[in-house]
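What follows is one structure encoded as structure tokens, with my remarks underneath.
The values are calculated or read from the model by the stated rules, or taken from the named source; none is laboratory data. Predicted, not measured: the structure shown is a model, and the values here were computed from it. Positions of Cβ are generated from backbone atoms using ideal geometry, with glycine treated the same way; all protein chains shown enter the neighbour counts.
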Amino acid sequence: MSESVLVELQRITKSYPGQIALDDVSMQIQCGEVHALVGENGAGKSTLIRVLAGATQPDTGRIVVDPREDRLHGPAAARALGFAVVHQEPQIAPNQTVTENIFLGALPSRLGVFDRAAAVSRARQVLEPFDVDIDPRRRMADYGAAARRVVEIARGVSQNARLLILDEPTAALPAAERASLLTLIREFASSGGSVLYVSHHLDEILDISDTVTALRNGQHAGTRPRAEVTREVAIRMILGTNLEAGASRSRPRPGSVVLDVERLATERGGSPHDLTVRSGEIVGLFGRIDAGHERLARAVAGVTRPKAGRMCVRGKVYKPRSPHGARRQGVGFLPGERKREAIFAHASVTENIVAGGAIGVVGGGFVRRNERHAVAERWRSQLDIKVPSVRRIIRTLSGGNQQKCLLARLLTLNPALLVLEHPTFGVDLGARVEIYSTIYRATRDGLAVLVVSDDLDELQVLADRVVVFRNGAIQGALSGDDISSGRILELAL
């Protein structure tokens, strides 16, 4: 083992009943590097994190540190070696102060008595390199998600961490705070610390990492230096194929007009919009924040009412007063914030799928109970929703499988048009491919789709046309080979 290697995993295997979570996995983490760990949900990333954190014991294999072998018999042993974990779900005590959270379980004392002044002073020293406005004396409840992430990383630093294990550290962070956090991580590595960085966000992986390791189905799928990893290479490492091949689509000639928008204004005095979407066609909408594309989509979906103009669906005047009214006229809506606006978190998969009033399970105004589960089972099979039973509570599913349940809810209604806001936000690449394939199949059956997305790669894969907005107005539309990141941004900026 080289002196530059902090920790080496040698042929680690971990099994659970009916599942091999890690299958003969080996990897090294160098001193002073950011080592990205990527893979789909279920690839083995969480198990590997638990092994390094001492929370899970491998069945076979060796963990070599400095360069002796350690079994990491528990979290305390991992902490003693300088391994600190920042979990995806914040491990924060909101009613305690920042200082108490930083030194959780290890508050500075004097002669056995808690020394508050020394603790606050030490907390300031730990936070100083982060260049953030966080008062060590205030309660954590006074701060938002970004500050909580900083405090968790500061906790690791305070423990003289040599390895920070970060599991989706930028989840739910705005772009500016995400950028600040990535800068802090780079600074930690530059000072000699090592980082194991777990994320689904490929842009972050490509921005911050020195080395990339992929897991697939519990096995090591490859390790490469960042210089050899493009976005396409990363996707192949994760999926075993590229995104387009995984979600291939024959593009039929679009049919008749399904949605016809004429001189539609979504704000008083705003620019009027003209737009058509045809049967079998996927039209993408793109723009920067408040460019007007999301307002148009929500007006079509019945979430908001336009100030002027006219809409028709399948040749009939269309004036939805709500998403429910839109559904009755053949338009389904998938909102971008599924947890807040779409899923019933404490209800079952079945209840979420038939919540819109699925065709074939409604009789005399009431859902026929004996048919609900059959409908949900059919959609579970068609969309490959990974859940052992449709009676399972939906909040226990991964984000990608929750999203597939919501698509099933819309498709049970046989809509003419789907309006999708950020349809693959927060899902892994494997689920993204499956969602794309579901959308493709629906368009082959004649469905029209309107997609709002800020993911340029997604628009290039999905859309037949991309309509670009700027300052509340349509700047242009791209189709076919003209759809590229450069051309989209040229119009948007």
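Can you name the strands (runs of 3 or more DSSP E) wholly within the stretch 393-493 that have at least 2 residues being within 30 Å of H346 (Cβ to Cβ)?
In the stretch 393-493, 417-421, 448-452 are the strands (runs of 3 or more DSSP E) which contain 2 or more residues that are within 30 Å of H346 (Cβ to Cβ).
Do we have S485 as closer than 23 Å to A326 by Cα and in contact with a helix residue (DSSP H, G or I) (Cβ under 7 Å, 6 or more places away or on another chain) here? Spelling it out, it is not the case that S485 is closer than 23 Å to A326 by Cα and in contact with a helix residue (DSSP H, G or I) (Cβ under 7 Å, 6 or more places away or on another chain).
With a requirement of 3 or more residues that are farther than 17 Å from G218 by Cα, the strands (runs of 3 or more DSSP E) lying completely within the stretch 20-93 that satisfy it span 60-65, 83-86. Scanning the stretch 80-97 for residues that are among the charged types (D, E, K, R) and crowded, with 19+ Cβ neighbours inside 10 Å returns no hits. Taking the conditions exactly as written (under 23 Å from G302 (Cβ atoms) and crowded, with 23+ Cβ neighbours inside 10 Å), does L459 satisfy them or not? No; evaluated as a whole, the condition is false for this residue. Every test in (1) modelled with pLDDT of 90 or more; (2) of a type in the set (A, V, I, L, M, F, W, C); (3) under 25 Å from S199 (Cα atoms) is passed by A416 save one, and that test is (3).
Within the stretch 281-307, restricting attention to residues that are hydrophobic (A, V, I, L, M, F, W, C) and more than 22 Å from G446 (Cα to Cα), the residue that is modelled with the lowest pLDDT is I289.
Identify all residues within the stretch 283-319 that are closer than 15 Å to G336 by Cα and assigned to a strand (DSSP E or B); write none if there are none. Scanning the stretch 283-319 gives G284, L285, F286.
When you look at A358, is it of a type in the set (G, A, S) and either in a loop (DSSP other than H, G, I, E, B) or at pLDDT 95 or above (or both), yes or no?
Values: of a type in the set (G, A, S): yes; either in a loop (DSSP other than H, G, I, E, B) or at pLDDT 95 or above (or both): yes.
Yes.
Residues in the stretch 367-385 that are basic (K, R) and modelled with pLDDT under 90 were compared, and the one that is nearest to Q19 (Cα to Cα) is R372.
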